[in-house]
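The values are calculated or read from the model by the stated rules, or taken from the named source; none is laboratory data. Keep in mind that what you see is a predicted model, and the values were worked out from it rather than measured. As a convention, Cβ positions derive from the backbone with ideal geometry for all residues, glycine included, and neighbour counts pool all protein chains shown.
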């Protein structure tokens, strides 16, 4: 496996890309975009990860960020230190008879009162994670 790790945003959450990276044994982390079906459960990817046992919590400093609301008005996300829960699981996706096995990691902000502003990241990766269940 290569030493370099490719880190990509949601635009790289494409089955063919994930499959090629896996087949070439290239290291990668991709932020998940698609609400895919997985072979391990009846639930789709996002709720399946959220339902996994919590592996732990960590604190993270969040920077202030200028944003816009649904009507286009400017609003700011305030800088804060917040707590995140961490969940991980092995997943298998299928498409057109092809399969790709990856690790998925879900980090979700826990310490905010505003549910809409709660930050979360679901990452697909070739990197090893603490196994919760195996394919």
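Quickly run through region 42-62 and pick out the residues that are surrounded by 13 or more Cβ atoms within 10 Å (Cβ to Cβ) and part of a helix (DSSP H, G or I).
45, 46, 48, 49, 50
Which fully enclosed strands (runs of 3 or more DSSP E) of region 63-107 have 1 or more residues being within 16 Å of residue 125 (Cα to Cα) and touching a helix residue (DSSP H, G or I) at 6+ places or on another chain (Cβ under 8 Å)?
Passing ranges, in order: 80-95.
Hey, among 7, 29, which residue is surrounded by fewer than 16 Cβ atoms within 10 Å (Cβ to Cβ) and under 17 Å from the mean Cα position of the chain (by Cα)?
Of the residues listed, the single one that is surrounded by fewer than 16 Cβ atoms within 10 Å (Cβ to Cβ) and under 17 Å from the mean Cα position of the chain (by Cα) is 7.
Within region 30-37, is even one residue part of a strand (DSSP E or B), more than 16 Å from residue 123 (Cβ to Cβ) and touching a strand residue (DSSP E or B) at 6+ places or on another chain (Cβ under 6 Å)?
Within region 30-37 (the criterion being part of a strand (DSSP E or B), more than 16 Å from residue 123 (Cβ to Cβ) and touching a strand residue (DSSP E or B) at 6+ places or on another chain (Cβ under 6 Å)), the answer is yes, since at least one residue qualifies.
Within region 85-98, identify whether any single residue is modelled with pLDDT of 90 or more, touching a strand residue (DSSP E or B) at 6+ places or on another chain (Cβ under 6 Å) and loosely packed, with under 15 Cβ neighbours inside 10 Å, and answer yes or no.
Yes, region 85-98 contains at least one residue that is modelled with pLDDT of 90 or more, touching a strand residue (DSSP E or B) at 6+ places or on another chain (Cβ under 6 Å) and loosely packed, with under 15 Cβ neighbours inside 10 Å.
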